[in-house]
Amino acid sequence: MLKVGIIGTGDIADLNILGYIHSQDTELVAVSDIDVDRAKKKLAMWNLQSLRIYKDYKQMVDREDLDIVEILTPHDLHAPMTEYCAKAGIPGISVQKPLSNTIADCEKIIQVCSEENVKLKLFENFRFYPVYLRAKELLDQGIIGELLNIRIKNFLTGGPGGVASDDLRGWLWRIDVDRCGGGPEVFDDGQHKFSLALWLMNQIEVEKVYSWIDYFTGVIDSPANILWKYPTKNSDDPPKYGSMEFTWAANLYYPSNYYGIDEFIEISGTKGIMWINQCTAGGNFISKSPQYPPIVVYAGGEVKTYGEDLPRDWRYSFINSTEHFIEVIKNGRGEPIYTGQQGKALCIFAKMPYISDQRGEIVYWGEMTAENEEKGFCVVEKSEDADPSGLHRFTRRKSKDLKKGIAQGLTCLDFEYK
């Protein structure tokens, strides 16, 4: 039985915990959080009151004989925490995306885990969402031919619907570019989407990026539009591109068990087109409509749908990701998804849009190095348009919209542990 410890009991822990709760191969033994009262409330919610609570994660690591540790903390803490856990001899370390807030710290994490023979996992759950797994299988079978272009639409909702945390602490460090490494949408949440942009298109990096990022709300890096080109391997290969859009629909009613955002993807190939509908809010009333099946493919003059038999609840992506890591640690072979190097690549990809927006020019992958970061050449800077003081107005407006929607009879679904 593998013993597991959790560092950080914020909102995302509610989902990361699921794979361990349901596993027959692991035992959750302890959690660590500087807010002990919050940790107690979470353990009660998870029905895990018997777990030990540590205010200092180092004490948990030193006193518990852990096989796996999950690091679910602000990004700037990932490197020091990973280093301590690795040097303490924990064989499996899972770090919530992004791997770190800087490229240099990503490299430090990779190095120390290599030196200590640690299996390092960058936790990115979209890669394990059942619908995306099925879509990838179809793409690899050549259902739309050679892949040419991917377009990822992120639809953020600020009106009634969606379950949001009332704990502002999670927002405060995410809008601090030094602690976060970027912003809450393009960098933090964007890690998921940049992961899909590489994985679905069979790529390990991009060649160049150009972007526009606005701070219309004063605190959120949205709306944003990001364009990129993939490397060309052979001179006779067709060029391949991608784009990503973050749209802020401030008054859209869009219920979700999780966060106020959803995703829609279009992939074009030489023989057809694929549309992939929803992820984060999968399973809501949109999912139940005939207009939005999980996967739609046009090829050979026919339109076909796929994945109607798959679970669309976002929680399964977390469970599947954790189960994969458990197997890697239990069997002592194979590599986690994602590895440290892949995590570093996602960190680089997610920083490029900010650098492009800051300079007003194309940014190349080869420019994004720890050495250039140290020189200040590829460091994400605080936008002049960002105003952290607007955070309270933003959250009050969301709360007001939510109450108004409920009064009108609109439903806000609550996440239930089953």
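The values are calculated or read from the model by the stated rules, or taken from the named source; none is laboratory data. Treat the numbers as computed from the prediction; the structure is a model and nothing was measured. Cβ sites come from the backbone with ideal geometry, for glycine too, and all protein chains shown count toward neighbours.
At-a-glance table
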{"quantity": "Scan of segment 201-251 for residues that are of a type in the set (S, T, N, Q), modelled with pLDDT of 95 or more and farther than 16 Å from residue 346 by Cα, ordered by number", "calculated": "211, 225"}
{"quantity": "Some residue of segment 262-269 being in the same structural domain as residue 190 (by TED's automatic domain parsing), under 17 Å from the mean Cα position of the chain (by Cα), modelled with pLDDT of 95 or more and more than 24 Å from residue 212 (Cα to Cα)", "calculated": "no"}
{"quantity": "Residue in segment 271-291 that is modelled with the lowest pLDDT, counting only those that are crowded, with 22+ Cβ neighbours inside 10 Å and farther than 16 Å from residue 309 by Cα", "calculated": "281"}
{"quantity": "Looking only at segment 90-99, and only at residues there that are assigned to a loop (DSSP other than H, G, I, E, B) and within 22 Å of residue 11 (Cα to Cα), the one that is nearest to the chain's Cα centre (by Cα)", "calculated": "97"}
{"quantity": "Criterion (modelled with pLDDT under 90, in the same structural domain as residue 385 (by TED's automatic domain parsing) and touching a strand residue (DSSP E or B) at 6+ places or on another chain (Cβ under 7 Å)) met by exactly one of 254, 259", "calculated": "254"}
{"quantity": "Selection within segment 88-113 - under 18 Å from residue 338 (Cα atoms), surrounded by fewer than 22 Cβ atoms within 10 Å (Cβ to Cβ) and without any contact (Cβ under 8 Å) to a residue 40 or more places away in the chain", "calculated": "108, 111, 112"}
{"quantity": "Total residues in segment 22-70, condition under 22 Å from residue 83 (Cα atoms), crowded, with 21+ Cβ neighbours inside 10 Å and polar (S, T, N, Q)", "calculated": "1"}
{"quantity": "Search result, residues across segment 294-310 that are crowded, with 17+ Cβ neighbours inside 10 Å and of a type outside the set (A, V, I, L, M)", "calculated": "294, 306, 307"}
